[in-house]
Amino acid sequence: MEFIPTKLDGCFIIEPKIIGDERGSFMESFNERIFAAGVGQHVHFVQDNQSVSAKGVLRGLHYQTGENAQAKLVRVLKGEVLDVAVDLRPGSETFGQYESVLLSEDNQRQFFVPRGFAHGFLVLSESAVFFYKCDNFYDKDSEGGLIFNDPEIGIDWNFPESEMTISEKDRLQPSLQKARKAW
């Protein structure tokens, strides 16, 4: 696995080593020792989640606050998504900035989003199966969110907003300036 740092300190694109032959292919999707060395910290994942979504579905931008904050290791098992992380760490040089990465069943990339970031994704293919590991359990009372189209953040979803399917909850999320503090 190759760990590619992004402009957001602590976020990494993980490029797998895929071994293929006439039978198909094999890859190691997670190895705790290699992962810890690659991201420079030990992350103990406690929960796996999976969603299935149609083209144009935007889920996010979500995070959990305080002691219930979550780091996520995300990947796409089927289809293609644009995955986005937004830095919410107070005092960070990149506070309010975002990183986006194309994740697909073809490239098999993963994206590590540490604690202190909002996260979301937009489905670009006809459908997508999205899988992610979390290092903390979900806690409803610790939920936070950002509106997906906050002009201060300026995420380029590269997809017409009129063709997006967004939950009512996500359409009502606050701007970065009004959002619940992550810490």
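Derived scalar couplings between HN and Hα for region 127-142 equal 7, 8, 10, 10, 10, 8, 9, 10, 9, 8, 6, 4, 9, 4, 5, 9 Hz in order, rounded to whole Hz, by the Karplus curve 6.51 cos²θ - 1.76 cosθ + 1.60 (θ = phi - 60°), x for Gly and Pro. With a threshold of 23 Å on the Cα-Cα distance, the over-threshold entries among 72/181; 78/133; 78/140; 7/78 are 78/140; 7/78.
The charge dipole of the chain, taken about its Cα centre with unit charges on the Cβ of Lys, Arg, Asp and Glu (plus for the first two, minus for the last two), comes to roughly 380 debye. Looking at region 14-76, the GluC sites (Glu not before Pro) that sit in a DSSP loop and have at most 10 other Cβ atoms within 10 Å of their own Cβ are 22.
What you get for region 1-65, charging only the Cβ of Lys and Arg (+1) and of Asp and Glu (-1), is a dipole of about 280 debye around the Cα centre. Among the chymotrypsin sites (Phe, Trp or Tyr not before Pro) in region 8-56, those placed in a DSSP loop whose Cβ has at most 15 other Cβ atoms within 10 Å are 30.
What the phi angles of region 33-48 give under the Karplus curve with 6.51, -1.76 and 1.60, with θ = phi - 60°, is a coupling list of 5, 5, 4, 4, 5, x, 9, x, 7, 8, 10, 9, 7, 10, 8, 10 Hz, glycine and proline written as x.
Listed values for region 107-118 are Karplus-derived 3J(HN,Hα) couplings in whole Hz (6.51 cos²θ - 1.76 cosθ + 1.60, θ = phi - 60°), namely 7, 6, 5, 10, 10, 9, 10, x, 4, x, 10, 7, and x replaces Gly and Pro. Using just its DSSP H runs of length 4 or more, each adding -39500 (n - 2.57), the chain gives a mean residue ellipticity at 222 nm of -1500 deg cm²/dmol after division by all residues.
Put +1 on the Cβ of each Lys and Arg and -1 on the Cβ of each Asp and Glu in the chain; which of 14, 92, 159 then has its Cα farthest toward the positive end of the dipole? Projecting each Cα onto the dipole axis, the largest value belongs to 92. In a simple Cβ point-charge model (Lys, Arg +1; Asp, Glu -1; nothing else charged), region 73-168 has a dipole of about 420 debye relative to its Cα centre. Averaging 1/r across all pairs of distinct Cα atoms in the chain and inverting the result yields a Kirkwood radius of 16.7 Å.
Think of the chain as a dipole: +1 on every Lys or Arg Cβ, -1 on every Asp or Glu Cβ, centred on the Cα centre; then among 137, 113, 176, 137 lies furthest on the positive end.
We did not get these values from a lab; they are worked out from the coordinates using the rules stated. Source: prediction; values computed, not measured. All Cβ positions, even for glycine, are placed from backbone atoms using ideal geometry, and neighbour counts span all protein chains on display.
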